[in-house]
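Rule-based calculations on the coordinates, nothing more; no lab input. Model, not experiment: these values are computed from the prediction. Cβ: placed from backbone, ideal geometry, glycine included. Neighbour counts: every protein chain shown.
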Amino acid sequence: MKIVKVGIVVIVGILALTLLTLRVTGLEPEYLDLNQLRAHHMIARPGLWLKGEVVTTPVTNWSFVDKIEHPGRSLNTILVETRTPYFIPHSVRTMPTVRNGQLYIRSHQDRMDVPFPNDKSWTSNVARDPRVRIKIGDKLYEATLVLVADRAQATAFLGRNPEILQSGPDGQEHVVGYDHVYRVFQRNIPEYGGDQPSPSTAGLIPENPSQK
């Protein structure tokens, strides 16, 4: 029994030291090109803490996101760090979309047997606590993610039905996927003070969604 207790203490100590090290050094989500993602069933290893310089000035135009260099990578991705109930963050890599200077990110749901947002760990985290940190290049941005819950707005943004339909053996079309859209709002900056719109009241989709 004493040996078992000592073993448990050693294991706990190793885990604590590992987490402390990762808290200092950070652990980014795995990057996979599109073909690699398909080979891995669109699943890449998630990360933990993200490291980088925190930007504290307001961003009025996110168009620079499309211009960040990503040498050796075919996909321009950003990282999103979400908050978990157990205080160890869960971060993922996703592809951004900039529309009229505003930043959006998408989550593709392909597990229709699990209701959104519980089909993915990170979307479940955002539903519980929308405060995130986003890494773009080597910079970190504290932000709030707001789900575009209105179907008409999501359709206008995507330029198509958010539902992915496929004909089944019965000859009927079935929903086999769904694209969810989040609008990114900066947090902990004076952008939303005074007469500026807040995440809960600001229009999510520009009047002319076809305009890029």
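Across the range 149-162, in residue order, what do the Karplus-derived ³J(HN,Hα) couplings come to in whole Hz, using 6.51 cos²θ - 1.76 cosθ + 1.60 with θ = phi - 60° and x for Gly and Pro?
Working through the residues one at a time gives 7, 7, 4, 5, 5, 5, 5, 5, 5, 6, x, 6, 5, x Hz.
Along the Cα→Cβ direction, 7 angstrom out, place labels at D113 and V176. What is the inter-label distance in nm?
Result for the modelled spin labels: 1.6 nm.
Compute the FRET efficiency between N35 and M95 as 1/(1 + (r/R0)^6), taking r as their Cβ-Cβ distance and R0 = 22 Å, and round to the nearest 0.05. All intermediate terms of the calculation are to be shown ahead of the outcome.
Details: r = 15 Å, r/R0 = 0.69.
The formula returns an efficiency of 0.90 here.
Within the set of other residues whose C-beta is less than 11 Å from the C-beta of K120, count the net charge using Lys and Arg as +1 and Asp and Glu as -1. Before the final figure, lay out each step's value.
Details: positive: R111; negative: D110, D119.
Once positives and negatives cancel, what remains is -1.
Among W49, W122, what is the fewest-to-most ranking by other Cβ atoms within 10 Å? Can you show the working numbers first?
On the way: W49 17, W122 22.
With the fewest neighbours first, W49, W122 line up as W49, W122.
Label-point separation (nm) for E69 and N188, each offset 7 Å from Cα along Cα-to-Cβ?
Spacing of the two 7 Å Cα→Cβ label points: 2.9 nm.
Hey, what do the phi angles of the range 168-180 turn into as Karplus ³J(HN,Hα) couplings, whole Hz, using 6.51/-1.76/1.60 and θ = phi - 60°, x for Gly and Pro?
Using θ = phi - 60°, the values come out as x, x, 7, x, 9, 7, 10, 6, 10, x, 7, 9, 9 Hz.
List, in order, the whole-Hz ³J(HN,Hα) value for each residue of the range 129-136 obtained from phi through the Karplus relation with A = 6.51, B = -1.76, C = 1.60 and θ = phi - 60°; use x for Gly and Pro.
Going residue by residue, I get 8, x, 6, 9, 10, 10, 9, 10 Hz, with x marking Gly and Pro.
So how much slack lies between T84 and V54, counting 0.36 nm per residue of separation and subtracting their Cα-Cα distance, in nm? It would help to have the intermediate numbers written out before the result.
Numbers: separation 30, 0.36 × 30 = 10.80 nm, distance 2.05 nm.
Length gained between T84 and V54: 8.8 nm.
Sort Y182, Y31 so that the residue with the fewest other Cβ atoms within 10 Å of its own Cβ comes first and the one with the most comes last. The partial results should precede the final answer.
On the way: Y182 23, Y31 16.
Lowest count first: Y31, Y182.
In Å and from the alpha-carbon atoms only, list the Rg and Dmax of the range 56-100.
Cα only, the range 56-100: 13.5, 37 Å (Rg, Dmax).
Would you mind getting me the FRET efficiency between R151 and R128? Use the beta-carbon distance for r and R0 = 30 Å, nearest 0.05.
Efficiency, from the Cβ-Cβ distance: 0.85.
Plugging the Kirkwood radius over Cα pairs into Stokes-Einstein for the range 79-177, at a temperature of 25 °C and a viscosity of 0.890 mPa s, what D comes out in µm²/s? Present the calculation step by step, with values, prior to reporting the outcome.
Numbers: Rh = 15.2 Å.
D = 161 µm²/s.
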